[in-house]
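Chemist: First, the structure itself, so that you have it in front of you.
The values are calculated or read from the model by the stated rules, or taken from the named source; none is laboratory data. Please read these numbers as outputs of a predicted model, since none were measured by experiment. Cβ placement follows ideal geometry from the backbone for every residue including glycine, while neighbour counts extend to all protein chains displayed. For the accessible areas, the whole protein counts, side chains as well, though only heavy atoms, and no ligand, DNA or RNA atoms are used. Shrake-Rupley method; radii C 1.70, N 1.55, O 1.52, S 1.80 Å.
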Amino acid sequence: MSEIVISGYYGFGNAGDEAMLAAMIEVLTELASDIKITVISGNPEDTCRRHGVAAVYRLNFPEIIKVLSRSQLLISGGGSLLQDVTSERSLYYYLSIMMFAKKLGTPVMLYAQGIGPVRGTLARSAMRYIGNMVDLITVRDEGSLAELKRLQVVKPPIHVTADPVLAMHQVDKQIGRRILRNAGVEGNVPLIGISVREWKDWKHYKDVLVEAANQLAEEFGARIVFLPMQWPEDCAVSKRMAIRTKSKAIVLTEEYTTSELLSLVGNFDMLIGIRLHALIFAAVMHVPMVGISYDPKIDRFLESLGECHAGDLQNLDAQSLVEKVRQLWPTSKAAKQSKVEQSTYLRDKAFQNAELALELISQRKWGKANHEKNNMA
């Protein structure tokens, strides 16, 4: 039995990060059913309950060192962990966990990371130093590969794959229908989901989204449903926007599991999203999506699908957003098939992350066994 430790932004109520963890666990255990996984988490009890794996508190360094010392691999897993835009401290934290593992002789893999931006001089030096120590890197887009080259991280094998969540199986839409019904969404009307977030207290993009939501509700006879991805923070901004819509918009205020969120998105006719993983959920469930950019990761993901965003938070305008929705609603059968094929391609690329992780463990085990055999001889 192999033991793996997974490090990331888990246990903080972020639906995207929890989905990445769920996806990693799903695919790794599908490929190796006897694998033991321990997650470094901000809320170990919640992680154990939600994902059915062992967990240790992210600041309990003696326990982290203990689990790393007996493990065959540390996965620094998914998301935009290695950047210094939202927080410098988090970058150094994740790099320090990698350093602990390397000092203990435990292999390290960056798993489908979205790298950068890394702007600070010290941060770039730390990324270059520790990045070149790790054993294997997979990144979720070409932009992340370019960032690694800019940082001069060149020694480990590097593969461009896809976001871990894209490897997840589709889920039953009935779960989402039940949640929507309980929230007051009745009747056979088109549903437009909106995933919004607060950003730097900016007001313009929220005004635009409300204006566009009103126009889309009238034009398509649609019901607007706000889907918070960071709980409970996204609930507050969603409620403030929903109050301003002319039609009665619904805000889903509960904290949902990854399967529930996927099922909810599967019931939408269209998803308008600022949150990356709301867009990724739409791709998994083959739902047309319109992305709004606040970070290069949005642009990179949409480019992987052959799409572009409707605007960024500063220059977004209602008419451009509405026109983008019109272009995708309804999509032709041929266009829809093309999107399904692209999503399938990305699913295979996302699955490759787990295959490479397990291959790294096998190589290390084989190398160690061969070394011990030679010593005995």
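Chemist: Say whether the condition of being open to solvent by 50 Å² or more (accessible area, probe 1.4 Å) and among the small types (Gly, Ala, Ser) is met by at least one residue in segment 212-233.
Modeler: Scanning segment 212-233, I find no residue that is open to solvent by 50 Å² or more (accessible area, probe 1.4 Å) and among the small types (Gly, Ala, Ser), so the answer is no.
Chemist: Any residue at all in segment 140-156 that's open to solvent by less than 20 Å² (accessible area, probe 1.4 Å), at pLDDT 95 or above, touching a helix residue (DSSP H, G or I) at 6+ places or on another chain (Cβ under 6 Å) and of a type outside the set (A, V, I, L, M, F, W, C)?
Modeler: no
Chemist: Restricting to segment 295-316, what's the tally of residues that are within 15 Å of the chain's Cα centre (by Cα) and open to solvent by 10 Å² or more (accessible area, probe 1.4 Å)?
Modeler: Adding up the residues that qualify gives 7.
Chemist: Within segment 170-180, can one find any residue that is in contact with a Leu (Cβ under 8 Å, 6 or more places away or on another chain) and surrounded by 24 or more Cβ atoms within 10 Å (Cβ to Cβ)?
Modeler: Checking segment 170-180: at least one residue is in contact with a Leu (Cβ under 8 Å, 6 or more places away or on another chain) and surrounded by 24 or more Cβ atoms within 10 Å (Cβ to Cβ).
Chemist: Continuing with the same structure: On the basis of being in contact (Cβ under 8 Å) with a residue 60 or more places away in the chain, closer than 22 Å to Ser41 by Cα and under 23 Å from the mean Cα position of the chain (by Cα), does Ile137 make the cut?
Modeler: For Ile137, the condition - in contact (Cβ under 8 Å) with a residue 60 or more places away in the chain, closer than 22 Å to Ser41 by Cα and under 23 Å from the mean Cα position of the chain (by Cα) - is not met.
Chemist: Between a first residue in segment 185-211 that is within 18 Å of Phe281 (Cα to Cα) and assigned to a loop (DSSP other than H, G, I, E, B) and a second residue that is of a type in the set (Phe, Trp, Tyr) and at pLDDT 95 or above, which pairs have beta carbons less than 7 Å apart while being 6 or more apart in sequence or on different chains?
Modeler: Listed by first residue and then by second, the contacts come to Val196/Phe226.
Chemist: Condition first: farther than 19 Å from Asn353 by Cα, more than 18 Å from the chain's Cα centre (by Cα) and not in a loop (DSSP other than H, G, I, E, B). Can you find one or more residues in segment 151-172 that meet it?
Modeler: There is no residue in segment 151-172 that is farther than 19 Å from Asn353 by Cα, more than 18 Å from the chain's Cα centre (by Cα) and not in a loop (DSSP other than H, G, I, E, B).
Chemist: For segment 236-259, which positions are part of a helix (DSSP H, G or I), open to solvent by less than 10 Å² (accessible area, probe 1.4 Å) and not β-branched (Val, Ile, Thr)? Full working, then the answer.
Modeler: If we filter segment 236-259 for residues that are part of a helix (DSSP H, G or I), which is where we start, we get 236-244, 258-259.
This time we only want the ones that are open to solvent by less than 10 Å² (accessible area, probe 1.4 Å), so: 237-238, 241.
Ser238, Met241 - these are the residues of segment 236-259 that are part of a helix (DSSP H, G or I), open to solvent by less than 10 Å² (accessible area, probe 1.4 Å) and not β-branched (Val, Ile, Thr).
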